[in-house]
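What follows is a short report on a single structure.
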Amino acid sequence: MSRPQELIILREVYFAYNQRPVLFNINLTVWEGDFLALLGPNGAGKTTLIKIMLGLLRPDRGEVVVFGSAIESFQDWHLLGYVPQTATHFDPLFPATVYEVVAMALLSRQNPWKRRPKVEREAVLAALQLVGLEEKVKVPIGELSSGEQQRAFIARALVHEPKILLLDEPTAGIDAETQHQFYDMLYNFNSQKGITIILVTHDIGIVNRHINRVACLEGKLIYHGRHEEFCRSSLFKELVGRGDHVISHQH
Amino acid sequence: MSILWEYGFVQRALLAGLAIGIGSAFLGVFLLLRREAMIGHGLGHIIFSGIALALFLNFAPLPIALAVAVLAALAILKLKTRAGLHSDTAIAIFSSVGMSMGILLVTLVNRFGVDLLSYLFGDILAVNKTETALSLVLAFIVIIFIAYFYHQLLFLTFAPDSARAFGLKTERLEATLTVLTAVTLVLGMKIVGLLLMTSILVIPAATGLQLAKSFFASCLLAAGAAAFSVIIGLWLSLTADLPAAATIVLISFVLFLASFLRRRRRLF
């Protein structure tokens, strides 16, 4: 069996906001097929690390390699789908339908003079079908529930068929049952469609049964490894001891 | 209504008004959703300083005002993106400096007369062939820009972080949008005047946003509201002998009010 490809490599990444260090010499590799949970308390640098992987922030020191290219020269951003922490913080009166929200990502990369409306429509509807929103095509995005909005943003990230999906605390403010459905959906994307997933969260319990790799961040990377090993580690026991709700269940 | 195409000067006024009105409405939808409604007001003050500078140097006002407006628009953008200032702060700083410079230059040249007043209040019925042609070319450029970059602009407006992560050249898009706004304001000052130009940029777009359920429909309704305001406003001003610019703006406000009441009835 061939070795999975290294999709993102961080080497000795250091980052500071206005001389205040946030990330210290992070070494992290994301492999093809990973469902990686990026864990850590508030202020641990999880969002900063995701933004560095996406090229939205430049590290002060260190190296970032994405799909084999140094991030400075990387061009194929459509290979990465991103759902930011603030995705649902948009103006609820913004006059865009669910269809327009998903299509904006797909059509942004296309030459408008060479459009193929039928193919585009099928791609948008297929992405909406993946997240179970095919009935909401014409509904204004502000009229959806938080859980549905988050699924619409996942559809927008999936519509251009990325290899990696990066999600920053995607279920904040969503009820527990919807969260479970949401993570089951992500698990299916990972296991059935082979999409590598990087998920930022500070709630280990809710994602414990979906992930296969864990990275724990507190400024420094204090753990990076396979999920089963993480469950046997003293850090895991410490998290359980701290009262985090942990369900140990493997698919 | 025949009064609108009986005379050459009215035809030019109608064409220039429609061109600036529709171009402004399209730009306005993006500006309003990006919370940059006051950029028209701020740039208006800066353009005032450009006209004062032209009068001071005894040059033609249009090219000087255009250069000052474009440079200021780009500087506002730089302050926002590089210095981390909020756009309303950057606009307020440039707006005050622009107005102060304008007042200083006007005082020095001692010509706060007809020339300057015509730019502050506009005179749509006095637009010449060149100004009409320039307005039509500008409207064409705005429409082509928005049509070509429609989805990128929508992405940038709706979700700037995701648009950047997606690899869109967001700074370039923002710069083009701001420069086109500046150019539209300069050409529009002859039509409705600098003092009322913000209303042409904002009110029809706000009307479109009140009524539409999709972004595409918002753009079309904003352009429709602008065109209706120009046609009816111009006709009313000619038949009732009213000032054209103010009548156009008030008609557009009536449309906004109607759309606002209609939306409230739908919501409550």
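The values are calculated or read from the model by the stated rules, or taken from the named source; none is laboratory data. It should be emphasised that the depicted structure is a prediction, and the values quoted were computed from it without experimental measurement. A quick note on method: Cβ atoms are made from the backbone with ideal geometry, for glycine too, and the neighbour counts reach across all protein chains shown. Remember, those area values only see protein heavy atoms, side chains included, never the ligands or the DNA or RNA. Shrake-Rupley method; radii C 1.70, N 1.55, O 1.52, S 1.80 Å.
Points worth noting:
- For segment A:54-82, the residues whose amide N sits under 18 Å from a probe point set 7 Å from the Cα of A:Asn18 along the beta carbon direction are A:58, A:60.
- Under a 5 Å amide H cut-off, with hydrogens placed 1.01 Å from N, A:Gly33 pairs with A:Thr196 among residues at least 5 apart or on other chains.
- DSSP beta bridges fully contained in the protein assembly as shown are about 55 percent antiparallel.
- Solvent exposure of chain A as accessible area per residue, Å², 1.4 Å probe: 47 Å²
- For the residues B:Ala222, B:Ala25, B:Ala165, a GNM of chain B with alpha-carbon springs under 10 Å puts the largest fluctuation on B:Ala165.
- Against the empirical 2.2 N^0.38 Å (N residues), segment B:43-187 has a Cα radius of gyration ratio of 1.17.
- Projecting the alpha carbon convex hull of segment B:172-213 along each direction and taking the average yields 3.6 nm².
- Per-residue SASA entry for A:Arg121, accessible area with 1.4 Å probe, Å² rounded to 10: 110 Å²
- Taking every alpha-carbon pair under 8 Å whose residues sit at least 6 apart, segment B:3-260 reaches a relative contact order of 32 percent.
- B:Phe59-B:Ile3 FRET efficiency (beta carbon distance; Förster radius 41 Å; 0.05 resolution): 0.65
- Remark: accessible surface ordering of A:Cys231, A:Cys216 (largest first) is A:Cys231, A:Cys216, probe radius 1.4 Å.
- Alpha-carbon radius of gyration plus Dmax, which is the widest Cα pair, for chain A in Å: 18.3, 60
- Reference-scaled alpha-carbon Rg (2.2 N^0.38 Å with N residues) for chain B: 0.99
- Distance (nanometres) between label positions extended 7 Å along Cα→Cβ at B:Ser118 and A:Arg232: 8.8 nm
- Largest-first principal axis extents of the Cα set of segment B:33-83 (Å): 37, 21, 12
- Ordered from largest to smallest accessible area (heavy atoms of protein chains, 1.4 Å probe), the residues B:Glu6, B:Glu36 come out as B:Glu6, B:Glu36.
- Interface area, B with A, accessible, probe 1.4 Å, both sides summed, Å² nearest 100: 2500 Å²
- Annotation for B:Arg263 and A:Lys114: the two label points, set 7 Å from Cα along the Cα-Cβ direction, are 3.9 nm apart.
- Long pairs among B:Lys80/B:Lys169; A:Lys46/A:Lys220; A:Lys138/B:Lys169; A:Lys136/A:Lys163; B:Lys169/B:Lys213; A:Lys114/B:Lys169, criterion Cα-Cα beyond 18 Å: A:Lys138/B:Lys169; A:Lys136/A:Lys163; B:Lys169/B:Lys213; A:Lys114/B:Lys169
- Which of B:His45, B:His86, A:His227, A:His202 is most accessible, then next, and so on - probe 1.4 Å: B:His86, A:His202, B:His45, A:His227
- Surface share of carbon and sulfur [accessible, 1.4 angstrom probe, percent] for segment B:3-260: 73 percent
- Projected over all directions and averaged, the alpha-carbon convex hull of the protein assembly as shown occupies 28.6 nm².
- Linear extension gain, A:Gln181 paired with A:Leu79, 0.36 nm per residue minus alpha-carbon span: 34.2 nm
- Rounded to the nearest 500, the 222 nm mean residue ellipticity of chain B from helices alone is -28000 deg cm²/dmol, with -39,500 (n - 2.57) taken per DSSP H run of at least 4 residues.
- Chain A, helix-only ellipticity at 222 nm - DSSP H runs n ≥ 4, -39,500 (n - 2.57), divided by all residues, nearest 500: -9500 deg cm²/dmol
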